[in-house]
Amino acid sequence: MWKAPFEEFLENTRACWDFALKGAWDQHRRHPDLTRKHCLEERSFFWEIIRSREVPIFEKCGQLAEQVADVSEMELLYPEVLARAKERYAKLGEEKTEFEEGRSLRGTQHPTQKAWCYMHIRNAKQPDSFLQHPAHVADDLRFIMDQAEKEHGCTELYTASWLNSYPGFQRFFPEAWRSNITPVPPDDLGPTTGWQGQFYNRRGMLNTATAARFLETGCLPFLRVETHCPFALVRQHLQILGL
């Protein structure tokens, strides 16, 4: 697994913290019915830095966000935020993963729609983007469909991700994939990678351009939407693409 140099990691953690705070305060301004604690924990990049609700710093940041008069006072907790980020950095490549080695996609049976294969996504090609490797994407798609078909009798592919709104990802799927998208409100936002993944660049660092667009508009540039379509149409489309 690719790992950013330590100095780059430190600079990126600082940038992510600043973005999380700016995003949380901006979301509270746009949605005054939501607390700053909620906006930090549920509508900002904060979760992507901490990645656990069980560590003390997660709750401490939320509580302090409610108490401070100015966002600059949140700096008091940055040393603990950085310590948590360093802890995660040290373990990169050691965590257990359900993805097969070298694969960017994995499939599980959908919890309620048993005929659907739920596609989970990561970037296994860092520091490149996995989308820069069309044959890799096509091979992974065929692999998870074949596996889900054999093990669970699945017949349709499904996922919920911001990538469903991104043309570079949409190109691998037939028209039915786009036409089956379930619309969401323009201010739809959540804390996990399904929403926040667009704020990473191909190296796994903060995508500053996308972050700036979000702070300017208050809405995600690429909405997290759900969609699905039959395996047969995906396979046919990949053949048409010559993949």
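Scanning the stretch 132-162 for residues that are buried (at least 20 other Cβ atoms within 10 Å of the Cβ), part of a helix (DSSP H, G or I) and either touching a His at 6+ places or on another chain (Cβ under 6 Å) or hydrophobic (A, V, I, L, M, F, W, C) (or both) yields Val137, Leu141, Ile144, Met145, Ala148, Trp162. Restricting attention to the stretch 1-38, the residues being over 19 Å from Gly197 (Cβ atoms), of a type outside the set (Lys, Arg) and touching a helix residue (DSSP H, G or I) at 6+ places or on another chain (Cβ under 9 Å) number 10. The residues on offer are Leu82, Leu34, Leu21, Leu77, and the sole one that is at pLDDT 95 or above, out of contact with any strand residue (DSSP E or B) (no Cβ under 9 Å at 6 or more places or on another chain), assigned to a loop (DSSP other than H, G, I, E, B) and surrounded by 14 or more Cβ atoms within 10 Å (Cβ to Cβ) is Leu34.
Every residue, every condition in (1) of a type in the set (A, V, I, L, M, F, W, C); (2) assigned by TED's automatic domain parsing to the domain that holds Trp177; (3) free of Cβ contacts under 8 Å to residues at least 40 places away in the same chain; (4) out of contact with any helix residue (DSSP H, G or I) (no Cβ under 9 Å at 6 or more places or on another chain), yes or no:
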{"residue": "Trp195", "(1), (2), (3), (4)": "yes, no, yes, no"}
{"residue": "Gln198", "(1), (2), (3), (4)": "no, no, yes, no"}
{"residue": "Arg202", "(1), (2), (3), (4)": "no, no, no, no"}
{"residue": "Asn207", "(1), (2), (3), (4)": "no, no, yes, no"}
{"residue": "Arg213", "(1), (2), (3), (4)": "no, no, yes, yes"}
{"residue": "Thr217", "(1), (2), (3), (4)": "no, no, yes, yes"}
{"residue": "His228", "(1), (2), (3), (4)": "no, yes, no, no"}
{"residue": "Leu233", "(1), (2), (3), (4)": "yes, yes, no, no"}
{"residue": "Gln236", "(1), (2), (3), (4)": "no, yes, no, yes"}
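Restricting attention to the stretch 184-243 and to residues that are under 22 Å from Arg122 (Cα atoms) and of a type in the set (Asp, Glu), the residue that is surrounded by the fewest Cβ atoms within 10 Å (Cβ to Cβ) turns out to be Asp188. Looking only at residues in the stretch 2-17 that are surrounded by 13 or more Cβ atoms within 10 Å (Cβ to Cβ) and among the hydrophobic types (A, V, I, L, M, F, W, C), the one that is farthest from Leu82 (Cα to Cα) is Trp2. Contact map, the stretch 10-24: residues that are free of Cβ contacts under 8 Å to residues at least 24 places away in the same chain and not assigned by TED's automatic domain parsing to the domain that holds Ser44 paired with residues that are surrounded by fewer than 22 Cβ atoms within 10 Å (Cβ to Cβ) and among the β-branched types (Val, Ile, Thr), Cβ distance under 9 Å, separation 6+ or inter-chain. No pairs are found. Taken over the stretch 110-131, residues that are outside any loop (DSSP other than H, G, I, E, B) and more than 23 Å from Cys229 (Cβ to Cβ) amount to 0. Filtered by the rule that a residue be over 21 Å from the mean Cα position of the chain (by Cα), acidic (Asp, Glu) and closer than 13 Å to Cys219 by Cα, the stretch 25-48 gives no residues. Scanning the stretch 85-109 for residues that are crowded, with 19+ Cβ neighbours inside 10 Å and either touching a residue at least 40 places away in the same chain (Cβ under 8 Å) or in a loop (DSSP other than H, G, I, E, B) (or both) yields Ala85, Ser104, Gly107.
Out of the stretch 203-243, which residues are assigned to a loop (DSSP other than H, G, I, E, B) and basic (Lys, Arg)? Arg203, Arg224, listed by residue number.
The values are calculated or read from the model by the stated rules, or taken from the named source; none is laboratory data. These numbers were taken from a predicted model, which means no experiment stands behind them. Here Cβ is always computed from backbone atoms with ideal geometry, including for glycine, and neighbour counts include all displayed protein chains.
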